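Notes follow once the structure below has been shown.
The values are calculated or read from the model by the stated rules, or taken from the named source; none is laboratory data. Keep in mind it's a predicted model, so treat the numbers as computed, not measured. Backbone-built Cβ (ideal geometry, glycine too); neighbour counts: all protein chains shown.
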Amino acid sequence: MNPLRTLLLCSALALALAYTTATAQALDDSLKAAVDSVFIDYNRTDAPGCALGIYDEGDILYAKGYGMADLEGNVPITSRTVFDIASVSKQFTAASLILLEHKGKLSLEDDVRDYIPELPDYGETITLRQLVVHTSGLRDYIGLMQMVGVHINDVTTGEDAFDYIVRQKALNFEPGDEHLYSNSGYLLAAFIVERVSGLTLREFARKHIFEPLGMRHTTYIDDHTEIKPFRATGYGLTESGAFRRAVSNWEQNGDGAVFTTVEDLARWDRNFVEPSVGGEGFSSELMRPGVLANGDTLSYAHGLSHGQHRGFETIGHGGSWGGYRAHFLRVPSEGLSVAILCNVASANPGALAREVVDVVLAPDVDEADREEESPEPVAISQEEMERIAGRYRSSEHGEYRSIVLEDEQLYYEQRDDRWKLIPVGEGRFWREETPTARVLVERRAEEGESLTLEWREGDDELYTLTAYEPWTPAADELEAFVGRYHSDELETAYTLTVENDTLIAHHASHGQIALKPRETDVFTGEKWVLAHVAFDRDEAGQVEGFLVSIGRTRNLLFEKVE
């Protein structure tokens, strides 16, 4: 018998009613109360919140809403409330490609340009599989559009995003060399589904996934004016703590835009163990990890990511867009899955999902696994803290971070955020109040070399931080950067001036952005759209342009023009 079933007091009647009741009677009262306590901060009538679904191989064990779906209409969240699940949608897009492969319409090893000939020839083949395991090297279109000044409230279409992608003259890296999350791959996947099947991604997924599984309230939304019954409004918080609407008008999909309920997701969860869609091998293909060109296996699969929690192997995905936050987490060995869909930007459904797993599987969690997941703080010497403190640059993103020593305490600083670093072992630290499962720093430095740290966030994010020497240019040195700079790839421009001994970037949409010097000829902007600006000089030492990197978009060229 499945180990989970021995923990839960469930009845055949409760399971039969699972899809028709908001709270299926499959957990005993003590477990229900324990699960409810995880959501105590959201169980209010004056704030947005979350919907929860707990499944045993697709059977709903518990489904409930906490908080409000619509504050103006005073509508509470239930298990049938519809949420934008953002990037949790990616598994359905990847599934659509796999279904087309099973039908012999394409191969995931095909060259993307066989289907998207508008994409430039970068000299290396990009495969369809590389699109969905995030090893394509394609710059993320969201960063590109934000750099131009497109706001989340603006109306944009898939064609708009497509145009930005195919105008890019360079990649972040050679295909297969790295894993870097990019929404561009999934947006192109949506276009490939349409060009191969003759159906939009919305139509294809409805016909081949959602309807066959009985997911009656699930769909891709590709029209921001569409009325979707029982939809939750997304909310964010102002600086004063008041709620405000946070709903996007972007209409592109593939990388996101699936709207669904926790009840419908139970039917998708069942398909992993009883595959009525895709047949045998479909789920295994979906969960098969990507592989780099050097043979290294990734934790990321096809719209799903492998991980560990409390000694259990997990697979799932999170989503974040506008005021919506979502997480779908499976613990295959226990037959347990958890879906948490929220309509407030401050929610952390990934952490909530792990807490729910802890409650349900508490008897099976080994104490050694608990200690590994939450190690006790240890004491380190003042000399060791002084060694680690300093200024660092991320090799992957070009972002600058600091580790500051104050009053015998180390702090990690990233732009306007600051957290304590808690030592938990030799060269290992946890970030206080981290939103991820594990965060640590590992020292990697040879004698005489700059100190290099590995900064890990969860199972997927790894940054290499290297210490650098700060640069303070004289006022007259800044004059060399004054001028107008244009990007052919974005068709936008920045004008740089010097004001009060500060280099200022002016943009039609972003206004004025102060640039802070970091290293020689390298600056960071006070706004994220110019997170890392590295100037190029010609042989005579004259500035001829700069390269911008922001997160998942690297080295975008702006050339100096008259």
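For the subset of segment 130-171 comprising residues that are closer than 21 Å to His507 by Cα and of a type in the set (Phe, Trp, Tyr), which member is nearest to the chain's Cα centre (by Cα)?
Result: Tyr141.
Please give the strands (runs of 3 or more DSSP E) falling wholly within segment 450-562 in which 1 or more residues are closer than 30 Å to Val166 by Cα.
Result: 461-467, 483-487, 492-499, 502-507, 511-517, 522-525, 532-537, 543-550, 553-561.
Surrounded by 24 or more Cβ atoms within 10 Å (Cβ to Cβ), of a type in the set (A, V, I, L, M, F, W, C) and under 22 Å from Met147 (Cβ atoms): which single residue out of Leu187, Leu265, Leu180, Leu171 fits that description?
Answer to the selection: Leu187.
Tell me, please, whether a residue that is assigned by TED's automatic domain parsing to the domain that holds Leu131 and farther than 24 Å from Ala345 by Cβ can be found in segment 54-62.
No, segment 54-62 has no match at all.
Please give the number of the condition Gly281 fails out of (1) farther than 27 Å from Ser107 by Cα; (2) without any contact (Cβ under 8 Å) to a residue 24 or more places away in the chain; (3) among the small types (Gly, Ala, Ser).
It is condition (1) that Gly281 fails.
To keep it simple, each residue is scored yes or no on (1) within 16 Å of Tyr62 (Cα to Cα); (2) buried (at least 22 other Cβ atoms within 10 Å of the Cβ); (3) at pLDDT 95 or above; (4) of a type outside the set (A, V, I, L, M, F, W, C).
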site	(1), (2), (3), (4)
Tyr324	no, yes, yes, yes
Pro332	no, no, yes, yes
Val338	yes, yes, yes, no
Ala345	no, no, yes, no
Ala351	no, no, no, no
Val356	yes, yes, yes, no
Asp369	no, no, no, yes
Glu372	no, no, no, yes
